[in-house]
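S.K.: Sending over a structure as structure tokens; questions will come in a sec.
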Amino acid sequence: NTLTATRTAFERLGMADQWQLLESTLTPSESVVYVSLDLKPEMDRARVKVYVSHESATAQAIAQKQVAISPHADAYEVQRFCESMAGGSLGPYEGKPLLSCFAFTTYGPPEATMHFPIDAFAANDDEAVQRVEHYMTSVGAETLCRQRYRRIISALQRRPLTQRPCIHSWISLKQQAGGKRFNTFYLSPTLFAVPSLGP
């Protein structure tokens with residue numbers, strides 16, 4: 001049983017209270033899919049990260065969960081991010097589940113990261129790029145960030161952006177103390193994709 005194994009791991013790490021906080025928010029449609037350790041030379045700086053899969057969830061439900069666990073999470077930002085990546089939809093998101101990553105330490109409150117599987121919700125990379133750039137505009141991202149993003153896409157692009165498979169796979173939003181926000185783009189170079197043999 002995944003929950004039992006995760007609970008035992010947290011107990012052995014001396015973090016039973018942190019696990020109880022997360023477990024108390026889990027719904028029957030949610031599950032723990034990954035547990036990872038970020039090890040540091042200083043033991044009190046190590047992190048335990050738990051990835052929770054949200055089956056058929058709405059942006060609001062996910063945002064409420066992140067706020068319940070992390071004091072750094074802002075419900076509006078989570079919903080704005082999900083809505084942008086989904087092309088205007090606030091859910092429920094069917095198909096490939098969205099993921100939340102909760103990072104626990106012994107020295108401070110948990111941090112929450114939202115992972116959105118954009119390749120399952122965008123028709124192609126052209127659509128994904130439009131959504132990302134719309135999001136960047138809505139959050140007031142610096143021009144340099146937009147330029148770097150475009151250069152990376154251009155460097156990885158091996159076919160028109162209107163074709164599949166997508167370069168984009170996951171896009172994440174991490175929120176930290178002081179209102180800091182970070183976005184990470186998980187991009188695939190599709191080195192082994194079979195080229196289209198159509199006309």
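The values are calculated or read from the model by the stated rules, or taken from the named source; none is laboratory data. Not measured: the values here are computed from a predicted model. Ideal geometry is used to build each Cβ from the backbone, glycine not excepted, and the neighbour counts take in all protein chains shown. What goes into the accessible areas is simple: the full protein's heavy atoms, side chains included, and nothing from ligands, DNA or RNA. Shrake-Rupley method; radii C 1.70, N 1.55, O 1.52, S 1.80 Å.
S.K.: Out of curiosity, is Thr162 without any contact (Cβ under 8 Å) to a residue 40 or more places away in the chain, in contact with a helix residue (DSSP H, G or I) (Cβ under 9 Å, 6 or more places away or on another chain) and either more than 17 Å from Arg131 (Cα to Cα) or open to solvent by 80 Å² or more (accessible area, probe 1.4 Å) (or both)?
M.R.: Values: without any contact (Cβ under 8 Å) to a residue 40 or more places away in the chain: yes; in contact with a helix residue (DSSP H, G or I) (Cβ under 9 Å, 6 or more places away or on another chain): yes; either more than 17 Å from Arg131 (Cα to Cα) or open to solvent by 80 Å² or more (accessible area, probe 1.4 Å) (or both): yes.
Spelling it out, Thr162 is indeed without any contact (Cβ under 8 Å) to a residue 40 or more places away in the chain, in contact with a helix residue (DSSP H, G or I) (Cβ under 9 Å, 6 or more places away or on another chain) and either more than 17 Å from Arg131 (Cα to Cα) or open to solvent by 80 Å² or more (accessible area, probe 1.4 Å) (or both).
S.K.: Could you list, in sequence order, the residues of the range 8-30 that are within 18 Å of Thr113 (Cβ to Cβ) and open to solvent by 50 Å² or more (accessible area, probe 1.4 Å)?
M.R.: Leu21
S.K.: So, of the residues in the range 46-78 that are in contact with a helix residue (DSSP H, G or I) (Cβ under 7 Å, 6 or more places away or on another chain) and part of a loop (DSSP other than H, G, I, E, B), which turns out to be farthest from Gly178 (Cα to Cα)?
M.R.: By that ranking, first place goes to Ala73.
S.K.: Taking the range 117-143, which residues are within 18 Å of the chain's Cα centre (by Cα) and not in a helix (DSSP H, G or I)?
M.R.: Those that are within 18 Å of the chain's Cα centre (by Cα) and not in a helix (DSSP H, G or I): Pro117, Phe121, Ala122.
S.K.: Restricting to the range 28-45, count the residues that are modelled with pLDDT of 95 or more and assigned to a loop (DSSP other than H, G, I, E, B).
M.R.: Looking only at that region, the number is 0.
S.K.: Also: Find the residue count for the range 117-130, including only residues that are open to solvent by less than 30 Å² (accessible area, probe 1.4 Å) and in contact with a Ser or Thr (Cβ under 6 Å, 6 or more places away or on another chain). Give the derivation first.
M.R.: Going residue by residue through the range 117-130, those that are open to solvent by less than 30 Å² (accessible area, probe 1.4 Å) are 117-118, 122, 124-125, 128-129.
Filter once more, keeping what is in contact with a Ser or Thr (Cβ under 6 Å, 6 or more places away or on another chain): 124.
Summing the residues that are open to solvent by less than 30 Å² (accessible area, probe 1.4 Å) and in contact with a Ser or Thr (Cβ under 6 Å, 6 or more places away or on another chain) in the range 117-130 gives 1.
S.K.: Something else about it: Is at least one residue of the range 96-116 surrounded by 15 or more Cβ atoms within 10 Å (Cβ to Cβ) and in a helix (DSSP H, G or I)?
M.R.: no
S.K.: Based on this model, can you work out whether Glu83 counts as part of a loop (DSSP other than H, G, I, E, B), in contact (Cβ under 8 Å) with a residue 12 or more places away in the chain, open to solvent by 60 Å² or more (accessible area, probe 1.4 Å) and under 20 Å from Asn124 (Cβ atoms)?
M.R.: Working: part of a loop (DSSP other than H, G, I, E, B): no; in contact (Cβ under 8 Å) with a residue 12 or more places away in the chain: yes; open to solvent by 60 Å² or more (accessible area, probe 1.4 Å): yes; under 20 Å from Asn124 (Cβ atoms): yes.
No.
S.K.: While we're here: Might you check whether a residue that is touching a Cys at 6+ places or on another chain (Cβ under 8 Å) and either aromatic (Phe, Trp, Tyr) or in contact (Cβ under 8 Å) with a residue 60 or more places away in the chain (or both) occurs anywhere in the range 53-67?
M.R.: Scanning the range 53-67, I find no residue that is touching a Cys at 6+ places or on another chain (Cβ under 8 Å) and either aromatic (Phe, Trp, Tyr) or in contact (Cβ under 8 Å) with a residue 60 or more places away in the chain (or both), so the answer is no.
S.K.: Still on this model: I'd like to verify a number: residues in the range 41-80 that are open to solvent by 30 Å² or more (accessible area, probe 1.4 Å) and among the polar types (S, T, N, Q), how many?
M.R.: Residues that pass the stated criteria total 5.
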